[in-house]
Amino acid sequence: AKNVQLLNKQLDEEFLQAIQEMNEVAISSFETSIESLFRLDYGLAESVIVKANKIVSLEKRALLSSKETDIEEAANIRLVIESVRRIAEYSMDIAEIVLNMTVETVIE
């Protein structure tokens, strides 16, 4: 939220849509990863990995749609994108821990 406040100019609609999609995927991944941890649910954790991997293509789309901005704005945009991506990465880390904790139940 702090990084969004640094943005001074009206942002491109395509960029805003890409960031919103990234944010939805990241938050959904995080919520699902926490749920998989509490339930120790291998399948749910696996779904987090699949969902969070979509962030890469969404990130590329957001970066491409923000090409026309000046250098200062581009730096602030990059901070926002990285923050959202990190949420998805943390979700994948949590999901990976759950996968490691529950792998024996799947093998048996």
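The values are calculated or read from the model by the stated rules, or taken from the named source; none is laboratory data. Small disclaimer: the values here were computed from a predicted structure and weren't measured. Please note: Cβ atoms are built from the backbone with ideal geometry, for glycine as well, and neighbour counts cover all protein chains shown.
Would you point out which residue out of Glu68, Glu35, Glu104 is acidic (Asp, Glu) and closer than 28 Å to Leu11 by Cα? Spell out the reasoning first.
Numbers: Glu35 fails: closer than 28 Å to Leu11 by Cα; Glu104 fails: closer than 28 Å to Leu11 by Cα.
Only one candidate passes the filter, namely Glu68.
Considering each residue of region 49-65, count those that are within 30 Å of Asp12 (Cβ to Cβ) and surrounded by 14 or more Cβ atoms within 10 Å (Cβ to Cβ), and give that number. Talk me through it step by step, then tell me what you get.
Within region 49-65, the subset within 30 Å of Asp12 (Cβ to Cβ) is 50-65.
Of the ones still in play, those that are also surrounded by 14 or more Cβ atoms within 10 Å (Cβ to Cβ) are 51-52, 54-55, 58-59, 61-63, 65.
Counting residues in region 49-65 that are within 30 Å of Asp12 (Cβ to Cβ) and surrounded by 14 or more Cβ atoms within 10 Å (Cβ to Cβ) gives 10.
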Verdict on Glu46 being exposed (fewer than 15 other Cβ atoms within 10 Å of the Cβ), modelled with pLDDT of 95 or more and assigned to a helix (DSSP H, G or I): no
Selected residue (only one of Ile94, Ile77 is modelled with pLDDT under 95, surrounded by 12 or more Cβ atoms within 10 Å (Cβ to Cβ), in a helix (DSSP H, G or I) and in contact with a Leu (Cβ under 8 Å, 6 or more places away or on another chain)): Ile77
